[in-house]
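The values are calculated or read from the model by the stated rules, or taken from the named source; none is laboratory data. Just so we're clear, the structure is a prediction, and the values are computed from it rather than from any experiment. Cβ placement follows ideal geometry from the backbone for every residue including glycine, while neighbour counts extend to all protein chains displayed. The accessibility values were calculated without ligands, DNA or RNA, using every heavy atom of the protein model including side chains. Shrake-Rupley method; radii C 1.70, N 1.55, O 1.52, S 1.80 Å.
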Amino acid sequence: MPLGLRGKKKPKSKENSKLVENEELGERAGFAGRSTTKAATDGGGLPPPPVNLRPKLVFHTQLAHGSPTGRIEGFTNVKELYGKIADVFHLSAAEILFCTLNTHKIDMDKLLGGQIGLEDFIFAHTKGIKKEVEVFKSEDALGLTITDNGAGYAFIKRIKEESVVDKIKVIGVGDHIECINGRNIVGIRHYEVAKMLKELQKGKAFTLKLVEPTKAFEMIEPRSKGGKTGGDAKIGTGRGTLRLRSKGPATVEDEPTEFEEKAVKKVDDLLESYMGIRDTELAATMVEVGKDKKNPDEFAMALDEALGDFAFPDEFVFDVWGAIGDAKEGRF
């Protein structure tokens, strides 16, 4: 998408997951004492690589509302990860809304996305109560920040205090947005969902169908806690991470450099400012694409090649290019 010229918009391996000892919920939440904060990417792209190319790393997992502990391995992207978790707990993968790392709580700073610390413990949040809510759009902005789980579900990552949605207490952080005005949006990326909500007419009511995560009794808490974001949250864990990719095999990588951490945080902030989403995996992809480009037009064309399913505003592309340059020069 050169600036101003945008016009376009295997057989499964042998089951190796198994349940292990029955542990109390939360007992392993501090498994590694660390978290990653990478947002999900979509699971499309090339077919999964052969089994012999997949990292043979074992991760421990539980259902966030309580379950025995399971062990999973042999996945290379988010969809496969959900499938492994579903198999070990005898669920449908479609029941999993999102996962958090090292905590069973609905903590948006601990979302599992495109990168997992090698010692991270995975908690899966499953579908709970369905609800239908009518919202009167009294302001241009609803006060929502949207993200997605990398497998077709957009959900609420943040609710701004004193916003239109904040006044509707039945809507909470972590709720999956299933329908808008009767239109099913499962499978639609979060930036498109944010655009749809933004374009709803001010001064009129609309209807949301939502699915909230299943909650254990001790997990019920003021919803505002789930929407806070930590400015110092790390992308990697410091001892190596497993990078999940929608195209090609997963790879084990070192912790991000200071440049990468600062650039990704700034780009993620720009995503929220321009588009109403937070997605550190998308931000990381943009940084990776742009770090060796010589000018904004070259960067825009590379973005179009990597993320051609969505045309980003020219102003946004310029600002992202500037943020990457600032990080390179240490101006943050």
Put a dot 7 Å past each Cα toward the Cβ at residue 179 and residue 298; how far apart are the dots in nm?
5.0
Pull up all non-local amide H partners of residue 115: gap of 5 or more, or a different chain, and H-to-H distance under 5 Å with H placed in the peptide plane.
38, 244
Between residue 93 and residue 169, Cβ-based FRET efficiency (R0 30 Å, step 0.05) works out to 0.45
How much of the accessible area of region 100-200, probe 1.4 Å, is carbon plus sulfur, in whole percent?
47
What is the gain in length, in nm to one decimal, between residue 73 and residue 195 on full extension, counting 0.36 nm per residue of separation less the C-alpha to C-alpha distance?
40.3 nm
Compare the peptides 198-204, 316-322, 301-307 by average per-residue count of other Cβ atoms within 10 angstrom and give them in order, highest first.
316-322, 301-307, 198-204
Cα→Cβ-extended label distance, 7 Å offset, between residue 202 and residue 131, nm:
2.7
Extending each Cα 7 Å along its Cβ direction at residue 140 and residue 160, get the distance between those two points in nm, one decimal.
1.1
